[in-house]
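S.K.: Below is one structure. I have some questions about it.
The values are calculated or read from the model by the stated rules, or taken from the named source; none is laboratory data. In this text, all values refer to a predicted model and were calculated from it rather than measured experimentally. Counting neighbours? That spans all protein chains shown, and the Cβs are built from the backbone with ideal geometry, glycine included.
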Amino acid sequence: MHVLDTATIGLNENSNSLFRIRCFPNPFRYSTCIQYFLQDPAGVSMEIYGMTGIRVKTVTTVFQDRGTHRVIWNGNNDGGEPLPAGIYNVVIRSGNETGQARVILVR
């Protein structure tokens, strides 16, 4: 297993809040685990975007408790069809805060 970027992603310049997004494995062939941390309970949405900026998948939109959360993404779009190999942006939003990480899908 090869892990590329597990950097901590800041939400905005005036916030000390962090999502601490981690995606593993990355690159991935069949599925990747997207792990993130919430400092406070909050409504969270997670979406996947292609490099052209078009949303290809809404992964989750739920209210979650404080702590570490994990979501598995299988590389499919909203229609359940496999996406082509490429680089995708994972975008997590909660209130006014946004974090993102990149994942690489290989086929």
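S.K.: Just name the residue that is farthest from PHE19 (Cα to Cα) out of those in the range 93-107 that are loosely packed, with under 14 Cβ neighbours inside 10 Å and at pLDDT below 95.
M.R.: Of the residues in the range 93-107, the ones loosely packed, with under 14 Cβ neighbours inside 10 Å are 95-96, 106-107.
Cutting the leftovers down to at pLDDT below 95 gives us 95-96, 107.
On the way: GLY95: 12, ASN96: 13, ARG107: 28 Å.
Once the filter is applied, the top-ranked residue is ARG107.
S.K.: Still on this model: Six or more apart or on different chains, Cβ under 6 Å: which pairs go from a residue in the range 35-57 that's farther than 19 Å from ILE72 by Cβ to one that's hydroxyl-bearing (Ser, Thr, Tyr) and assigned to a loop (DSSP other than H, G, I, E, B)? Could you list them?
M.R.: GLN39/SER17
S.K.: Going residue by residue through the range 70-92, is there one that turns out to be assigned to a strand (DSSP E or B), exposed (fewer than 12 other Cβ atoms within 10 Å of the Cβ) and within 12 Å of the chain's Cα centre (by Cα)?
M.R.: Yes, there is a match, as at least one residue in the range 70-92 is assigned to a strand (DSSP E or B), exposed (fewer than 12 other Cβ atoms within 10 Å of the Cβ) and within 12 Å of the chain's Cα centre (by Cα).
S.K.: Another question, then. Inspect the range 27-48 for any residue being within 15 Å of GLN100 (Cβ to Cβ), exposed (fewer than 12 other Cβ atoms within 10 Å of the Cβ) and of a type outside the set (Val, Ile, Thr) and give the result as yes or no.
M.R.: No, the range 27-48 contains no residue that is within 15 Å of GLN100 (Cβ to Cβ), exposed (fewer than 12 other Cβ atoms within 10 Å of the Cβ) and of a type outside the set (Val, Ile, Thr).
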